[in-house]
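Asker: Got a structure for you, questions after.
The values are calculated or read from the model by the stated rules, or taken from the named source; none is laboratory data. These figures come from a predicted structure and were not determined experimentally. Methodologically, a virtual Cβ is constructed for each residue, glycine included, from the backbone with ideal geometry; neighbour enumeration extends over all protein chains shown. With ligands, DNA and RNA removed, areas are computed over all heavy atoms of the protein, side chains included. Shrake-Rupley method; radii C 1.70, N 1.55, O 1.52, S 1.80 Å.
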Amino acid sequence: MATECIAQVTFRFEPNGKPVVAAFDVEHASSDGGAILLKGIDTQLGLTKRVAACLADGRQPGKVRHQTLELLRQRVFGLACGYADCNDAARLADDAIHKLLVERDPIAGAALASQPTLSRFENAVGPRELLAMGHGLADTVIGHHRRRLQGRATRITIDFDPTDDPTHGQQELTFFNGHYDTWCYLPVVATVTFDDEAEQYAVAAVLRPGNAPASRGARGLLRRLLGKLRAAFPTATLRVRLDGGFATPALCAFLEAQPVEYLVAMASNGRLEKRARRLMGRARMLSRTSGRTEHLYGETRYAARKWPRKRRVIIKAEVVRHPGRAPKNNPRFVVTNLPDAPETVYRIYCQRGDMENRLKELHHGLELDRTSCSRFLANQFRGLLTLAAYVLFQELQRRAQGTACADAQVTTLRERLLKLAVWVERSVRRIVLHLPMTFPWLRTWRQLARAVGATT
């Protein structure tokens, strides 16, 4: 029978007639036992400690129950485990694993911070601290990869991509965006790619008003990233890839003054379409003959009205065919200073398309768009906390190469590796996590545990 102390429910669907009783009577247990993997990565990177050092604590020391580092870790690890809202704090306050993640005694340690405490924490952060946090996150990511690659990288590619963050309340600086047809913020995410590696590592995330043009803040963010990358990899060639929203005269001039390799998409216009007319004609003839989508590549020297000089523009003349539809012309343009053949340049540009997967992971895996605070700066802080959680996941993804989770993204990694039932036992000498003896990803989990610092 259920009591206030031992709640239970009974199922009667078994074939042998015996009832199945589910009793909620295991103390010091958690459903997030695998999150200790992310804790191991954080210890190796020193990420949360470095970011927390950027935050000033104006509270009276004698009244502080939760240190800044503990609050930050509670939010970052909570986000990583799928708890995006501060309201989730009430359900996690006594969770043994979440207490362990913030380095409290999992059994005798005090309860974690409440929702009001976390909300005050998020809303107390100022612009200088946010800037320092952004620098700290970027320095941690770049410094880690400098150590991993021993300072040797031939080329580093920077990608920027804006994304929509729909809002549903009275948040500061939320505006209607016609392109996305919603009231929103417009954050921009930056990633870096080393040499020919497939992974794009998130290195910055900046929240912007919903009516901001794509290029707003891009030069300042690029200037800081380029400086950090040159300091860490002095011999590397730096390359910047941007979509059409960034194709402004000021940004092109900035890229050429750095100097860096650059590939920036351009919106179509009458003059460019006229330059592409002959190539489009050849592509139409080719498509008519083959009955398939066809594309050809060319180039031209072009200067927009506000450009001081002509620049090289790559032309992709494409004719798209779908069954049951009329052929559709689809010319595309990329301005660049690369000397390679037009087709090669365009293929290099198209590699930035994987940024969409990074944005999907941030949105759907870590809820980057959960910016429900009324203050804009508090929402920027939430964005940086989400970025910190993603940095830990990306390192987990990298360590998972060669395992059954090699191609897994954030949501899958959480389901397979973090959401593990665990019973926590503490003795005088050690803390023991009792995990399932068998589960589908046991071999991968043990391999990753050793990769993040565990010993056997």
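Asker: Which Cα, out of 48, 10, 433, lies furthest along the positive dipole direction of the chain (beta carbon charges, K/R +1, D/E -1)?
Answerer: Value: 48.
Asker: Calculate, for region 301-456, the solvent-accessible area per residue in square angstrom, rolling a 1.4 angstrom probe over the heavy atoms of the protein chains.
Answerer: Values: 8110 Å² over 156 residues.
I get 52 Å² per residue for region 301-456.
Asker: Amide H neighbours of residue 29 under 5 Å, at least 5 residues apart or on other chains, H built in the peptide plane: list them.
Answerer: 96, 424
Asker: How big is region 56-107 in terms of Cα radius of gyration and Dmax, in angstroms?
Answerer: Cα only, region 56-107: 11.5, 33 Å (Rg, Dmax).
Asker: Shifting gears a bit: Let me check against my output: what whole-number percent is the relative contact order of the chain, with C-alpha pairs under 8 Å and at least 6 apart? The partial results should precede the final answer.
Answerer: Details: 739 pairs, mean separation 86.5, N = 456.
Reported relative contact order: 19 percent.
Asker: Could you tell me which residue out of 384, 185, 307 lies farthest along the dipole of the chain toward its positive end? Charges go on the beta carbon: Lys and Arg +1, Asp and Glu -1, centred on the Cα centre.
Answerer: Working it through, the farthest residue towards the positive pole turns out to be 307.
Asker: Could I ask something else about it? Relative to the longest principal axis of the chain, what angle (0 to 90°, nearest 10) does the C-alpha long axis of helix 127-148 take?
Answerer: The angle comes out at about 80 degrees.
Asker: Continuing with the same structure: Express the Stokes-Einstein translational diffusion coefficient of region 228-375 in µm² s⁻¹, to the nearest whole number, given a Kirkwood radius over alpha-carbon pairs, 20 °C and a viscosity of 1.002 mPa s. Please list the in-between numbers first.
Answerer: On the way: Rh = 17.6 Å.
For these conditions, the coefficient is 121 µm²/s.
Asker: Calculate the length of the line joining the C-alpha centroid of region 271-337 to that of region 23-88, in whole Å.
Answerer: 51
Asker: Separate question: Could you rank the peptides 380-391, 434-445 by their average count of other C-beta atoms within 10 Å per residue, with the highest value first? Walk me through the numbers on the way to the answer.
Answerer: Values: 380-391: 25.7, 434-445: 13.2.
With the highest mean Cβ count within 10 Å placed first, the list reads 380-391, 434-445.
Asker: Sticking with this one: What does the highest-first list of 259-270, 91-102 look like by mean Cβ count within 10 Å? List each step's numbers first, then the result.
Answerer: Values: 259-270: 16.6, 91-102: 21.7.
Descending mean neighbour count gives 91-102, 259-270.
Asker: Here's a follow-up. Read through the labelled values [x] 5, 23, 33, 25, 11, 3, 0; [y] 4, 17, 25, 23, 16, 9, 5, 1, 0; [z] 4, 17, 22, 19, 16, 11, 6, 3, 1, 1, 0, 0 and report the label of the one computed as P(r) over Cα pairs in 10 Å bins from 0, in percent from the structure.
Answerer: [y]
Asker: Can you tell me the 0 to 90 degree angle between the C-alpha axis of helix 277-290 and the longest principal axis of the chain, rounded to 10?
Answerer: It is inclined by approximately 70 degrees.
Asker: Moving on. Evaluate 2.2 N^0.38 Å with N set to the residue count of region 115-206, then give the Cα radius of gyration divided by it. Walk me through the intermediate numbers first.
Answerer: Values: Rg = 17.1 Å, N = 92, 2.2 N^0.38 = 12.3 Å.
Ratio of Cα Rg to 2.2 N^0.38 Å: 1.39.
Asker: At 222 nm, what value in deg cm²/dmol follows for the chain if DSSP H runs of at least 4 each add -39500 (n - 2.57) and the sum is divided by all its residues, to the nearest 500?
Answerer: Numbers: 16 runs with 167 residues, N = 456.
Rounded to the nearest 500, it is -11000 deg cm²/dmol.
Asker: Put a dot 7 Å past each Cα toward the Cβ at residue 350 and residue 268; how far apart are the dots in nm?
Answerer: 1.7
Asker: Using packing as a proxy for protection, rank 302-315, 157-170, 346-359 so that the peptide with the highest average count of other Cβ atoms within 10 Å comes first. Each step should come with its number before you reach the end.
Answerer: Working: 302-315: 15.1, 157-170: 19.1, 346-359: 16.7.
Result, highest mean first: 157-170, 346-359, 302-315.
Asker: Put +1 on the Cβ of each Lys and Arg and -1 on the Cβ of each Asp and Glu in the chain; which of 37, 213, 396 then has its Cα farthest toward the positive end of the dipole?
Answerer: So the residue furthest toward the plus end is 213.
Asker: Can you tell me the accessible area per residue over region 230-270, all protein chains present, probe 1.4 angstrom, in square angstrom? Walk me through the numbers on the way to the answer.
Answerer: Numbers: 1490 Å² over 41 residues.
Result: 36 Å² of accessible area for each residue.
Asker: Find, to one decimal place in angstroms, the Kirkwood hydrodynamic radius of region 154-222, where the mean of 1/r is taken over every pair of different Cα atoms and then inverted.
Answerer: Values: mean 1/r = 0.0764 Å⁻¹.
Hydrodynamic radius (Kirkwood, Cα pairs) of region 154-222 is 13.1 Å.
Asker: Then there's this: Please report the projected area of region 104-148's Cα convex hull averaged over all directions, in nm².
Answerer: 5.2
Asker: Placing unit charges on C-beta atoms (Lys and Arg positive, Asp and Glu negative, everything else neutral), compute the dipole magnitude of region 63-152 about its Cα centre in debye, rounded to 20. Kindly include the intermediate steps, with their values, before the conclusion.
Answerer: On the way: 13 positive and 10 negative charges, 86 e Å.
In debye, rounded to 20, region 63-152 gives about 420.
Asker: Could you work out how far helix 68-80 tilts from the main Cα principal axis of the chain, as a 0 to 90 degree angle to the nearest 10?
Answerer: That works out to roughly 70 degrees.
Asker: Could you give each residue of region 174-183 its phi-based ³J(HN,Hα) in whole Hz, using Karplus coefficients 6.51, -1.76, 1.60 with θ = phi - 60°, and x for Gly or Pro?
Answerer: With the stated coefficients, region 174-183 comes to 7, 9, 6, 10, x, 5, 8, 6, 7, 7 Hz.
Asker: How far is it, in nm, from the label point at residue 231 to the one at residue 123 when both lie 7 Å from their Cα along the line to the Cβ?
Answerer: Reported label-point gap for residue 231 and residue 123 is 3.5 nm.
Asker: Among 39/63; 39/99; 360/419, which pairs are too far apart, with a Cα-Cα distance over 18 Å?
Answerer: 39/63; 360/419
Asker: Using amide H atoms built 1.01 Å from N in the peptide plane, name the residues 5+ places from residue 203, or on other chains, whose amide H lies under 5 Å from its own.
Answerer: 190, 191, 192
Asker: Leaving out ligands, DNA and RNA, and with a 1.4 Å probe, what % of the accessible surface on region 212-352 is carbon or sulfur? Don't skip to the answer; put the middle values down first.
Answerer: Values: 3690 of 7470 Å².
The nonpolar share, carbon plus sulfur, comes to 49 percent.
Asker: Something else: Short version: ³J(HN,Hα) in whole Hz for each residue of region 352-360, in order, from phi by Karplus 6.51 cos²θ - 1.76 cosθ + 1.60 (θ = phi - 60°), x for Gly and Pro, what are they?
Answerer: Once θ is set to phi - 60°, the couplings for region 352-360 become 5, x, 5, 4, 4, 5, 5, 5, 5 Hz.
Asker: With charges set only on the Cβ (+1 for Lys and Arg, -1 for Asp and Glu), what does the dipole of region 312-362 come to about its Cα centre, in debye to the nearest 20? Mind showing how you got there, number by number?
Answerer: On the way: 10 positive and 6 negative charges, 47 e Å.
Roughly 220 debye for region 312-362.
Asker: Counting only DSSP beta bridges with both residues in the chain, what percent are antiparallel, rounded to the nearest 5? Mind showing how you got there, number by number?
Answerer: Working: 48 of 57 bridges.
Roughly 85 percent of the DSSP beta bridges within the chain come out antiparallel.
Asker: Also, quick follow-up: Give me the percent of accessible area attributable to carbon and sulfur for region 148-192, probe 1.4 angstrom.
Answerer: Carbon with sulfur: 49 percent of the solvent-accessible area.
Asker: Also: Using the crude model of +1 on Lys and Arg Cβ and -1 on Asp and Glu Cβ, and no other charge, please compute the dipole size for region 400-456 relative to its Cα centre, in debye to 20. Working shown, then result.
Answerer: Details: 9 positive and 3 negative charges, 48 e Å.
For this selection, approximately 220 debye.
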